[in-house]
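Presented below is the structure to which this report refers.
The values are calculated or read from the model by the stated rules, or taken from the named source; none is laboratory data. Model, not experiment: these values are computed from the prediction. Using ideal geometry, Cβ is built from the backbone for each residue, glycine included, and neighbour counts are taken over all protein chains shown. Note: accessible area is taken over every heavy atom of the protein model, side chains too, but ligands, DNA and RNA are not part of it. Shrake-Rupley method; radii C 1.70, N 1.55, O 1.52, S 1.80 Å.
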Amino acid sequence: MNENKLGKNYLLLLQGQAVSNIGNMIYRIAYMWWVQSITGSTMQTSIAVLLSMIPNIILAPYIADYISTRNLKNIIIISDNFSGLLNIFAAFLIISGIFNIYTLYVLILFMGVSTCFFKPSAFALLPQLVNKKLLVKANGLNSTISSITSVIGVALGSYLLSKFNISFIFFINGVTFLLSAFSECFIKYTSEKVNISKKISLITGLRVLKDGVQDINSFKFILLFGATNFFLSVLVVYLPFLASDVIIYGYMKNAESIAMIIAGVFVGKIGIEKYIRDDRIVYIALFIIIIGYFLLGLQMDNSVLIIAEVFIGSGVLFTGVIINSILQSRTENNQMTKIATLKNLFSDVFMTVGTLTAGILGLYASPSIIVFSLFFIFLLMIILFYYFFEMRRTNVTTK
């Protein structure tokens, strides 16, 4: 592996993820707007988002060690093939006239199972395909390409949703997953043998949680990442309601993605590797999200909503790249899937709570009032994290 280049294997992984991400964005735009349009309920929309996270919450602690003993490349290929065939089957059900809101919920649930295996495997595979000195660059490029494909996916999703039946959208998503799996087949990767029991049990799951919590430096970032996703998950539910129509909703999502593209290019150009040695850089990225959250809560006009998504998009990219790079650079390969699984677990737990909170609060107050109120709680959370994990540590070190 050339230490100064990302390499062919990384690019194959990136290429596969880029193709499937286009289909996934089309799929998400379609089912979120479809649920909102046929039910008009924030609770039903919350349920749709919630079901995508439940599998990871239940399975994550038990599969971390299991994934560590398997070939990561094979896992992501199997996961992509499963997702692809599942979406094509859903398209067939729609054409057959036996698809409804509950069938969609089942589809989302099984897609969550596939993601539960794919995400930690891809996260753990990345630092084995590139030199650790290039992790920030690789994560930045990942986020940039993801944002570019998100723009394409949102634009296509909005257009296809207005012209075609949802069955066509599911079929397109299925094809992109199969193309992604095909690309990943050409990755040259030697699986590392890890001496861990392959049995999945309650004790195994509890041990994974215990080990992750005891590693306080990693757990700090895992907890912060998860807590931030609580507030972002509220926006996932409320954005269709904050937007005046599907076109504005598309503009908002595109503004977020374009901001992530620009932020990703910025990360790659300035070379922030030296800055991630200081944990406090995470809080700067989070403050950018806070500004966007505040502007969304104001609910002034469409232009302010779009500007708010620019702040949120750039802040989310900076936060994700920094936290992922810190965790990957400070974790041994044989512990990588455990850290990745815990990160995804806590993220989904907080997102589940956030989604449920959004659905319940939506019964009693308008989305704009709720978002504006949660802005202050979000800000307080960041201040408390900074005080307990950074300022107190600095004071102890000084003494």
Exercise for the section: Determine the per residue accessible area of the range 336-380 with all protein chains present and a 1.4 angstrom probe, expressed in square angstrom. Expected result: 39
Exercise for the section: At 0.36 nm per residue, minus the direct Cα-Cα distance, what do Trp34 and Phe266 gain on full extension? Give it in nm, one decimal, please. Expected result: 80.0 nm
Exercise for the section: Run the quick spin-label model on Phe388 and Tyr364: label points 7 Å from Cα toward the beta carbon, then report their separation in nm to one decimal. Expected result: 2.5
Exercise for the section: Just read off the accessible area of Tyr249 with the full protein assembly in place, 1.4 Å probe, to the nearest 10 Å². Expected result: 10
Practice task
Compute the accessible area per residue over the range 84-134, keeping the other protein chains in place, probe 1.4 Å, unit Å².
Solution key: 42
Problem - Cα-Cα over 32 Å, subset of Lys119/Lys220; Lys133/Lys188; Lys188/Lys220; Lys163/Lys188; Lys137/Lys188; Lys8/Lys163 - result: Lys188/Lys220; Lys163/Lys188; Lys8/Lys163
Handout entry: Computed label-point distance, nm, for sites Asn100 and Lys8 using a 7 Å Cα→Cβ extension
Key = 5.3
Practice task
Whenever you get a sec, line up Glu184, Glu256 from highest to lowest accessible area (probe 1.4 Å, protein heavy atoms).
Solution key: Glu256, Glu184
Handout entry: Area of Leu126 that stays accessible when all protein chains are in place (1.4 Å probe, Å², to 10)
Key = 10
Practice task
Compare Phe378, Phe350, Phe99 by solvent-accessible area with a 1.4 Å probe and give them largest first, with all protein chains kept in place.
Solution key: Phe350, Phe99, Phe378
Practice task
Note down the net charge around Lys119, summing +1 for each Lys or Arg and -1 for each Asp or Glu among other residues with Cβ under 15 Å from its Cβ.
Solution key: +1
Practice task
Measure off 7 Å from each Cα along the Cα-to-Cβ vector at Ser41 and Asn165, then give the distance between these two points in nanometres to one decimal.
Solution key: 2.5
Completion exercise
Taking R0 as 41 Å and r as the Cβ-Cβ distance between Phe376 and Lys188, the FRET efficiency 1/(1 + (r/R0)^6), rounded to the nearest 0.05, comes to 0.20
Problem - Lys73 accessible area, assembled protein chains, probe 1.4 Å, Å² - result: 40
